[in-house]
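Where a number appears in this text, it was derived from the coordinates with a stated rule and is not lab data. Please read these numbers as outputs of a predicted model, since none were measured by experiment. When we count neighbours, we look across all protein chains shown, and the Cβ atoms used for this are built from the backbone with ideal geometry, even at glycine.
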Amino acid sequence: LARNPGEVEFHQAVQEVLESIGPAVDKHPEYADARIVERICEPERQIIFRVPWEDDHGEIHINRGFRVEFNSALGPYKGGLRFHPTVMLGTVKFLGFEQIFKNALTGLPIGGGKGGSDFDPRGRSDREVMRFCQSFMLELYRHLGEYTDVPAGDMGVGGRELGYLFGQYKRITNRYESGVLTGKGLIYGGAQVRKEATGYGCTFFVDQMLRARGESFDGKDVVVSGSGNVAIYTIEKVQQLGGRVVACSDSSGFVHDPKGIDLELLKEVKEVRRERIAAYAEQRANAEFVTGRSVWEVPCAVAMPSATQNELDEDDARALLRNGCIAVGEGANMPTTPGAVRILMEGGVSFAPGKAANAGGVAASALEMQQNASRDSWTFEYSETRLREIMVDIHDRCYATAEEYGVPGNYVAGANIGGYARVAEAMLALGLI
Ligand code: NDP
């Protein structure tokens with residue numbers, strides 16, 4: 001704590017991992033001898049830089065940019081960029097730390113990193129976003145490369161931002177290095193199913209978890225928080241699997257739509273018009289816009305928090321249990337507070353932690369890198385099949401690891417131990433570096 005003052009979310013993420021890897025450390029004294037825990041908690045490199053840019057009225061703004069290159073034992077640093085006013089070093093470190101284990105769980109050759117800025121793209125014109133992205137990349141480019149560090153999107157960084165970032169990287173370096181960023185548009189080197197991957201992947205994971213308890217999505221009411229990239233494609237896949245999503249949200253409130261969310265309308269409001277969620281309720285009979293209350297009060301059998309960290313607390317967990325919730329799948333990173341996780345698991349809920357359940361996004365990014373390296377592009381169907389196989393595999397590995405270490409059904413322990421062991425083995429093999 002003294003070494004990383006004020007980095008509250010980073011402390012939370014580290015504590016959550018350290019609490020569950022004890023059995024793996026006991027079984028492998030060589031990990032302790034090599035001080036793997038201490039080394040894994042210290043980023044290999046952290047970069048902080050100034051991002052000056054000019055708005056449409058000629059006013060100058062100064063934001064702060066970050067890239068934390070956390071661990072490259074398994075491959076080049078890989079992890080998204082977040083543009084959100086709350087971003088600070090502790091946020092990026094928590095996300096980068098989670099990313100190490102998540103990427104390890106995919107079984108693909110990618111290390112862990114994360115980055116971003118306290119820039120807020122909401123309400124900014126396309127030109128302003130472009131100027132910001134160009135200034136951000138003018139500093140970041142020197143740290144990137146397809147064999148070094150490969151960013152993607154995260155909150156506030158979608159197709160528009162990635163296009164501007166890639167355009168600027170190409171311009172500075174005079175290289176069409178497709179593999180340097182993932183989540184690119186299909187027309188300039190992107191991959192099918194990357195946009196959908198985190199939401200689809202989380203739904204595939206929860207589907208497996210439901211099957212493990214003899215259930216399915218079919219006919220169940222589901223609540224998804226957020227209405228961004230992860231939330232929208234979670235809603236799409238849940239609907240395809242027969243579930244009914246009855247609520248979703250943004251930071252201004254939530255919509256309750258008992259007949260089931262109209263996905264086309266939601267995409268129009270959020271992806272095309274970039275409006276607030278209230279606009280959805282205005283155009284949908286029977287849907288209600290609610291502010292000042294928690295979306296987790298809406299009764300559901302399955303909850304899929306897909307907005308931001310610590311958005312589901314102990315009171316929310318109790319409300320979910322009261323309403324008969326049987327499964328929670330974290331589409332977002334660390335959306336459930338530690339106390340809420342405990343309440344849910346003690347209440348018999350199947351709980352899928354983000355580092356396993358939302359790994360589909362980074363897995364599809366690694367598949368995009370494969371396609372870029374081989375100058376190939378796969379079909380939507382083939383890409384979705386690969387994603388599904390990867391998510392089933394992650395589920396099964398977490399499930400089996402939890403059984404092996406005597407905590408059956410505990411996906412938190414399964415994910416932490418499974419991811420940790422893989423990174424630790426690679427770090428041992430590479431020596432003291
Ligand atoms: P987006 O920016 O596309 O969407 C974020 C959504 O969350 C928006 O609807 C936003 O609303 C909402 N939100 C933000 N803060 C709050 C809050 N305090 N209360 C309620 N709603 C809120 O981001 P993504 O969908 O890409 O990311 C969502 C989560 O998923 C993050 O935790 C991210 O790290 C994680 N994730 C994303 C991956 C990806 O591939 N994109 C991969 C793995 C994890 P508003 O517009 O009002 O801010």
Relative to the Cα centre, what is the charge dipole magnitude of region 41-191, using +1 at the beta carbon of each Lys and Arg, -1 at the beta carbon of each Asp and Glu, and rounding to the nearest 20 debye? 240
Expressed in angstrom and rounded, the centroid-to-centroid distance over alpha carbons for region 376-402 and region 174-212 is 11
Alpha carbon centroid spacing (whole Å) that separates region 316-347 from region 132-165: 34
Is there a pair in 220/355; 184/270; 114/259 whose C-alpha atoms are over 28 Å apart, and which pairs would that be? 114/259
Checking the a/c ratio against 1.5 first, then a/b against b/c, what shape does the Cα gyration tensor give for region 195-348? prolate
How about residue 78: which aspartates and glutamates have a C-alpha closer than 16 Å to its C-alpha, ignoring those fewer than 8 places off in the same chain? 44, 69, 98, 146, 149, 154, 177, 368
For the charge dipole of region 41-191, defined by +1 on Lys and Arg C-beta atoms and -1 on Asp and Glu C-beta atoms about the Cα centroid, which residue among 99, 46, 147 has the Cα displaced farthest towards the positive pole? 147
Going by how many other Cβ atoms sit within 10 Å of their own, how do 173, 291, 308 line up, fewest first? 291, 173, 308
Farthest towards the positive end of the dipole of region 195-348, among 203, 246, 323 and with Cβ unit charges of +1 on Lys and Arg and -1 on Asp and Glu, lies the Cα of 203
For region 41-191, what number results from the quotient of the Cα radius of gyration and 2.2 N^0.38 Å? 0.99
Antiparallel DSSP beta bridges within the chain, percent to nearest 5: 55
For the chain, what is the charge dipole size about the Cα centre, in debye to the nearest 20, if Lys and Arg each add +1 at the Cβ and Asp and Glu each add -1 at the Cβ? 800
Relative contact order for region 41-191 using alpha-carbon pairs under 8 Å, separation at least 6, rounded to a whole percent? 24
Count the DSSP beta bridges whose two residues both fall in region 195-348, then state the antiparallel fraction as a percent rounded to the nearest 5. 45
In debye to the nearest 20, the charge dipole size for region 261-310, taken about the Cα centre with +1 at each Lys and Arg Cβ and -1 at each Asp and Glu Cβ, equals 160
So, counting K/R as plus one and D/E as minus one, what does the shell of residues with Cβ under 13 Å around residue 288 add up to? 0
Relative contact order of the chain, please, whole-number percent, based on alpha carbon pairs below 8 angstrom and at least 6 residues apart. 16
With only helices counted (DSSP H, runs n ≥ 4, each -39500 (n - 2.57)), the per-residue ellipticity at 222 nm for the chain, to the nearest 500, works out to -14000 deg cm²/dmol
